[in-house]
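Here is the structure we will look at.
The values are calculated or read from the model by the stated rules, or taken from the named source; none is laboratory data. In this text the structure is predicted, and so the values were computed from the model without any measurement. Here the Cβ positions follow ideal geometry from the backbone for every residue, glycine too, while neighbour counts run over all protein chains shown. Calculation scope for accessible area: heavy atoms of the full protein, side chains included, ligands and nucleic acids excluded. Shrake-Rupley method; radii C 1.70, N 1.55, O 1.52, S 1.80 Å.
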Amino acid sequence: MDTSPIGVFDSGYGGLTILDGIRKRLPKYDYIYLGDNARAPYGTRSFDVVYEFTLQAVKKLFDMGCPLVILGCNTASAKALRTIQQQYLPLNAPDRRVLGVIRPTAEIVGSISKTKHIGVLATEGTIKSESYKLEIEKLHPGTSIVGQACPMWVPLVENNEFDKPGADYFVKDSLDKLLSKDSLIDTIILGCTHYPLLINKINKYLPNGIQLIPQGKYIAESLEYYLHRHAEMETRISTNGKCKYYTSESPSKFRDCASLFLNEDNIEAERIVL
(Lines give C-alpha, C1' and ligand atoms only; values in the text may rest on other atoms or scores of the structure.)
Protein backbone atom coordinates (compact mmCIF):
# COMPACT_ATOMS: atom_id res chain seq x y z
CA MET A 1 0.00 0.00 0.00
CA ASP A 2 1.23 3.50 -0.85
CA THR A 3 1.82 5.71 2.17
CA SER A 4 1.69 9.49 2.42
CA PRO A 5 2.20 12.33 4.93
CA ILE A 6 -0.25 13.76 7.43
CA GLY A 7 -1.41 17.21 6.32
CA VAL A 8 -1.57 20.13 8.76
CA PHE A 9 -3.36 23.27 7.62
CA ASP A 10 -3.59 26.74 9.10
CA SER A 11 -4.64 30.12 7.81
CA GLY A 12 -1.25 31.49 8.86
CA TYR A 13 1.61 30.53 11.12
CA GLY A 14 -0.19 29.58 14.33
CA GLY A 15 -0.75 26.00 13.23
CA LEU A 16 3.01 25.57 13.47
CA THR A 17 2.55 25.36 17.26
CA ILE A 18 0.21 22.42 16.64
CA LEU A 19 2.64 20.84 14.18
CA ASP A 20 5.49 21.29 16.66
CA GLY A 21 3.54 19.52 19.40
CA ILE A 22 2.56 16.69 17.08
CA ARG A 23 6.09 16.15 15.73
CA LYS A 24 7.57 16.05 19.22
CA ARG A 25 5.14 13.33 20.27
CA LEU A 26 4.92 11.50 16.93
CA PRO A 27 8.30 12.10 15.25
CA LYS A 28 8.32 9.01 13.03
CA TYR A 29 5.58 10.19 10.67
CA ASP A 30 5.90 12.46 7.63
CA TYR A 31 4.04 15.78 7.54
CA ILE A 32 3.06 18.49 5.09
CA TYR A 33 2.33 21.92 6.54
CA LEU A 34 0.24 24.30 4.43
CA GLY A 35 -0.22 27.92 5.47
CA ASP A 36 -2.66 30.17 3.62
CA ASN A 37 -0.57 33.13 4.67
CA ALA A 38 -1.58 35.30 1.72
CA ARG A 39 -5.19 35.38 2.93
CA ALA A 40 -4.63 35.34 6.69
CA PRO A 41 -6.09 36.08 9.12
CA TYR A 42 -9.35 34.12 8.95
CA GLY A 43 -10.60 35.28 12.36
CA THR A 44 -12.85 38.09 11.11
CA ARG A 45 -14.05 36.42 7.91
CA SER A 46 -17.55 35.03 7.40
CA PHE A 47 -18.47 31.35 7.80
CA ASP A 48 -18.91 30.97 4.02
CA VAL A 49 -15.52 32.45 3.17
CA VAL A 50 -13.69 30.45 5.85
CA TYR A 51 -15.36 27.28 4.58
CA GLU A 52 -14.43 28.07 0.98
CA PHE A 53 -10.78 28.83 1.81
CA THR A 54 -10.43 25.85 4.15
CA LEU A 55 -11.92 23.43 1.63
CA GLN A 56 -9.50 24.69 -1.02
CA ALA A 57 -6.58 23.92 1.31
CA VAL A 58 -7.96 20.51 2.27
CA LYS A 59 -8.37 19.61 -1.41
CA LYS A 60 -4.80 20.70 -2.09
CA LEU A 61 -3.48 18.47 0.71
CA PHE A 62 -5.59 15.60 -0.59
CA ASP A 63 -4.08 16.17 -4.05
CA MET A 64 -0.65 15.90 -2.42
CA GLY A 65 -1.69 12.47 -1.17
CA CYS A 66 -2.50 13.19 2.46
CA PRO A 67 -5.03 10.64 3.76
CA LEU A 68 -5.49 12.61 6.99
CA VAL A 69 -5.62 16.39 7.44
CA ILE A 70 -5.48 18.28 10.74
CA LEU A 71 -7.02 21.75 10.76
CA GLY A 72 -4.46 23.37 13.04
CA CYS A 73 -6.58 26.50 13.09
CA ASN A 74 -9.33 27.26 15.58
CA THR A 75 -11.27 29.50 13.17
CA ALA A 76 -11.27 26.85 10.44
CA SER A 77 -12.20 24.20 13.00
CA ALA A 78 -15.05 26.37 14.26
CA LYS A 79 -16.43 27.52 10.91
CA ALA A 80 -15.59 24.81 8.37
CA LEU A 81 -14.77 21.43 9.94
CA ARG A 82 -18.27 20.10 10.55
CA THR A 83 -19.50 20.93 7.04
CA ILE A 84 -16.42 19.32 5.49
CA GLN A 85 -16.87 16.19 7.61
CA GLN A 86 -20.62 15.85 7.11
CA GLN A 87 -21.14 17.10 3.55
CA TYR A 88 -17.92 17.12 1.53
CA LEU A 89 -16.08 13.97 2.62
CA PRO A 90 -18.91 11.39 2.31
CA LEU A 91 -19.55 12.34 -1.32
CA ASN A 92 -16.08 13.30 -2.52
CA ALA A 93 -13.41 11.66 -0.36
CA PRO A 94 -14.96 8.92 1.80
CA ASP A 95 -11.56 7.32 2.46
CA ARG A 96 -9.99 10.56 3.78
CA ARG A 97 -10.35 12.17 7.20
CA VAL A 98 -10.21 15.77 8.44
CA LEU A 99 -9.82 16.51 12.16
CA GLY A 100 -9.87 19.78 14.10
CA VAL A 101 -8.43 21.26 17.27
CA ILE A 102 -11.54 22.24 19.23
CA ARG A 103 -12.92 18.86 20.27
CA PRO A 104 -9.62 17.45 21.63
CA THR A 105 -9.17 20.63 23.68
CA ALA A 106 -12.75 20.45 24.95
CA GLU A 107 -12.27 16.79 25.90
CA ILE A 108 -9.25 17.43 28.13
CA VAL A 109 -10.37 20.66 29.81
CA GLY A 110 -13.10 18.98 31.86
CA SER A 111 -10.54 16.91 33.74
CA ILE A 112 -8.32 19.94 34.42
CA SER A 113 -10.82 22.48 35.78
CA LYS A 114 -11.79 22.04 39.43
CA THR A 115 -14.37 24.84 39.60
CA LYS A 116 -15.95 23.91 36.23
CA HIS A 117 -15.65 27.57 35.24
CA ILE A 118 -13.62 27.86 32.03
CA GLY A 119 -12.44 30.86 30.04
CA VAL A 120 -11.63 30.94 26.33
CA LEU A 121 -9.30 33.46 24.70
CA ALA A 122 -9.61 33.36 20.90
CA THR A 123 -10.22 35.30 17.71
CA GLU A 124 -13.48 37.10 17.13
CA GLY A 125 -14.61 34.39 14.69
CA THR A 126 -14.00 31.53 17.11
CA ILE A 127 -15.72 33.34 19.99
CA LYS A 128 -18.76 34.27 17.88
CA SER A 129 -19.12 30.70 16.65
CA GLU A 130 -19.50 29.53 20.29
CA SER A 131 -17.83 26.28 19.20
CA TYR A 132 -15.95 25.85 22.45
CA LYS A 133 -19.03 26.60 24.53
CA LEU A 134 -21.16 24.09 22.62
CA GLU A 135 -18.50 21.36 22.59
CA ILE A 136 -17.57 21.71 26.27
CA GLU A 137 -21.20 21.83 27.42
CA LYS A 138 -21.91 18.68 25.39
CA LEU A 139 -18.93 16.80 26.84
CA HIS A 140 -19.04 18.26 30.36
CA PRO A 141 -22.62 19.25 31.32
CA GLY A 142 -22.90 21.84 34.04
CA THR A 143 -19.68 23.61 33.07
CA SER A 144 -19.69 27.41 32.74
CA ILE A 145 -17.82 28.81 29.74
CA VAL A 146 -17.10 32.46 28.95
CA GLY A 147 -15.09 33.78 26.02
CA GLN A 148 -13.10 36.87 25.18
CA ALA A 149 -12.01 37.92 21.71
CA CYS A 150 -8.42 39.19 21.50
CA PRO A 151 -8.30 41.09 18.18
CA MET A 152 -4.77 42.43 18.68
CA TRP A 153 -3.05 39.23 19.73
CA VAL A 154 -2.53 37.67 16.29
CA PRO A 155 -1.13 40.91 14.79
CA LEU A 156 1.26 41.20 17.75
CA VAL A 157 2.58 37.72 17.05
CA GLU A 158 2.76 37.96 13.28
CA ASN A 159 4.54 41.34 13.47
CA ASN A 160 7.09 39.93 15.93
CA GLU A 161 5.90 42.21 18.74
CA PHE A 162 4.80 39.42 21.08
CA ASP A 163 7.72 39.85 23.48
CA LYS A 164 7.97 43.65 23.24
CA PRO A 165 6.72 46.10 25.90
CA GLY A 166 3.86 47.21 23.63
CA ALA A 167 2.22 43.80 23.93
CA ASP A 168 1.68 44.15 27.69
CA TYR A 169 -1.31 46.49 27.43
CA PHE A 170 -3.24 44.29 25.01
CA VAL A 171 -2.52 41.05 26.89
CA LYS A 172 -3.50 42.51 30.27
CA ASP A 173 -6.60 44.18 28.81
CA SER A 174 -7.96 40.94 27.32
CA LEU A 175 -7.20 38.93 30.46
CA ASP A 176 -8.87 41.53 32.67
CA LYS A 177 -11.98 41.57 30.46
CA LEU A 178 -12.24 37.77 30.53
CA LEU A 179 -11.77 37.41 34.28
CA SER A 180 -14.22 40.24 35.01
CA LYS A 181 -16.95 38.10 33.42
CA ASP A 182 -16.50 35.20 35.87
CA SER A 183 -14.42 35.34 39.05
CA LEU A 184 -14.52 31.53 39.42
CA ILE A 185 -12.53 30.76 36.26
CA ASP A 186 -9.66 28.40 37.10
CA THR A 187 -8.78 27.23 33.58
CA ILE A 188 -8.22 29.27 30.41
CA ILE A 189 -8.03 27.78 26.93
CA LEU A 190 -5.72 29.54 24.49
CA GLY A 191 -8.16 29.07 21.63
CA CYS A 192 -5.87 30.35 18.90
CA THR A 193 -2.68 28.64 17.86
CA HIS A 194 -0.76 31.94 17.78
CA TYR A 195 -1.26 32.57 21.46
CA PRO A 196 1.41 30.22 22.89
CA LEU A 197 4.01 32.75 21.69
CA LEU A 198 2.44 35.24 24.13
CA ILE A 199 2.59 32.82 27.05
CA ASN A 200 5.30 34.74 28.93
CA LYS A 201 3.22 37.92 28.76
CA ILE A 202 0.05 36.05 29.72
CA ASN A 203 1.72 34.47 32.75
CA LYS A 204 2.91 37.92 33.81
CA TYR A 205 -0.70 39.08 34.31
CA LEU A 206 -2.40 35.77 35.09
CA PRO A 207 -3.57 35.41 38.71
CA ASN A 208 -2.18 32.52 40.71
CA GLY A 209 -4.18 29.31 40.58
CA ILE A 210 -5.39 29.63 37.00
CA GLN A 211 -4.30 26.90 34.58
CA LEU A 212 -3.48 27.75 30.94
CA ILE A 213 -4.29 25.26 28.18
CA PRO A 214 -2.07 25.68 25.09
CA GLN A 215 -3.25 23.24 22.46
CA GLY A 216 -0.18 21.64 20.87
CA LYS A 217 0.39 19.01 23.57
CA TYR A 218 -3.25 17.93 23.77
CA ILE A 219 -3.81 17.81 20.01
CA ALA A 220 -0.74 15.56 19.73
CA GLU A 221 -2.07 13.23 22.43
CA SER A 222 -5.46 13.12 20.73
CA LEU A 223 -3.91 12.34 17.33
CA GLU A 224 -1.82 9.54 18.83
CA TYR A 225 -4.94 8.04 20.37
CA TYR A 226 -6.85 8.45 17.08
CA LEU A 227 -4.17 6.58 15.11
CA HIS A 228 -4.08 3.86 17.77
CA ARG A 229 -7.83 3.38 17.39
CA HIS A 230 -7.79 3.58 13.57
CA ALA A 231 -5.10 1.16 12.44
CA GLU A 232 -6.42 1.30 8.87
CA MET A 233 -5.49 5.01 8.75
CA GLU A 234 -2.18 4.61 10.58
CA THR A 235 -0.92 2.11 8.01
CA ARG A 236 -1.52 4.68 5.24
CA ILE A 237 0.89 7.24 6.74
CA SER A 238 4.54 7.32 5.69
CA THR A 239 7.23 7.10 8.37
CA ASN A 240 10.42 8.86 7.32
CA GLY A 241 10.32 11.58 9.98
CA LYS A 242 10.24 14.36 7.38
CA CYS A 243 8.23 17.57 7.01
CA LYS A 244 7.60 19.81 4.01
CA TYR A 245 6.26 23.36 4.17
CA TYR A 246 4.03 25.15 1.67
CA THR A 247 2.66 28.69 1.73
CA SER A 248 0.36 30.82 -0.40
CA GLU A 249 2.65 33.77 0.38
CA SER A 250 6.34 34.47 -0.16
CA PRO A 251 8.56 31.52 0.85
CA SER A 252 11.17 33.87 2.29
CA LYS A 253 8.60 35.65 4.44
CA PHE A 254 7.25 32.28 5.58
CA ARG A 255 10.75 31.11 6.48
CA ASP A 256 11.42 34.17 8.63
CA CYS A 257 8.11 33.94 10.51
CA ALA A 258 8.08 30.15 10.82
CA SER A 259 11.44 30.23 12.56
CA LEU A 260 9.82 32.22 15.41
CA PHE A 261 7.10 29.61 15.91
CA LEU A 262 9.33 26.56 15.61
CA ASN A 263 12.48 28.07 17.14
CA GLU A 264 14.61 26.60 14.38
CA ASP A 265 16.45 27.89 11.33
CA ASN A 266 16.85 26.53 7.80
CA ILE A 267 13.13 26.10 7.15
CA GLU A 268 12.50 25.83 3.44
CA ALA A 269 9.05 26.47 1.97
CA GLU A 270 7.49 26.36 -1.48
CA ARG A 271 4.80 28.71 -2.72
CA ILE A 272 1.57 27.21 -4.00
CA VAL A 273 -1.65 28.66 -5.38
CA LEU A 274 -4.90 27.68 -3.69
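Things worth noting here:
- Only Lys, Arg (+1) and Asp, Glu (-1) charged, at Cβ; the range 157-274 dipole about Cα centre in debye: 80
- Violating pairs (Cα-Cα greater than 21 angstrom) within the set Lys24/Lys253; Lys128/Lys177; Lys79/Lys201; Lys133/Lys164; Lys60/Lys242; Lys24/Lys116: Lys24/Lys253; Lys79/Lys201; Lys133/Lys164; Lys24/Lys116
- Averaging the sequence gap over all C-alpha pairs within less than 8 Å and six or more residues apart, then dividing by the number of residues, gives the chain a relative contact order of 28 percent.
- Taken about its Cα centre, the chain carries a charge dipole of roughly 360 debye when the Cβ of each Lys and Arg holds +1 and the Cβ of each Asp and Glu holds -1.
- Of the accessible area of the chain, computed with a 1.4 Å probe over protein heavy atoms only, carbon and sulfur atoms account for 48 percent.
- Where the range 117-274 is the region considered: accessible area per residue in Å², 1.4 Å probe: 50
- Computed with every protein chain present, the accessible area of Cys66 is close to 0 Å² [probe 1.4 Å].
- Residues Lys128, Lys116 ordered from highest to lowest accessible area at a 1.4 Å probe: Lys128, Lys116.
- Helix-only [θ]222 nm of the chain, DSSP H runs n ≥ 4, -39500 (n - 2.57) each, per residue, nearest 500: -13000 deg cm²/dmol
- Heavy-atom surface of the range 1-99, accessible at 1.4 Å and reported per residue (Å²): 39
- Note on the chain: antiparallel DSSP beta bridges, both residues inside, total approximately 0 percent of the bridges counted.
- Percentage of interatomic Cα-Cα distances in the range 36-161 larger than 26 Å: 27
- Set of aspartates and glutamates with alpha-carbon distance to Lys181 below 14 Å, sequence-local pairs under 8 removed: Asp173
- With all protein chains modelled, accessible area of Tyr88 [1.4 Å, Å²]: 40
- Summing Cβ point charges (Lys, Arg +1; Asp, Glu -1) relative to the Cα centre of the range 1-115 gives a dipole of roughly 320 debye.
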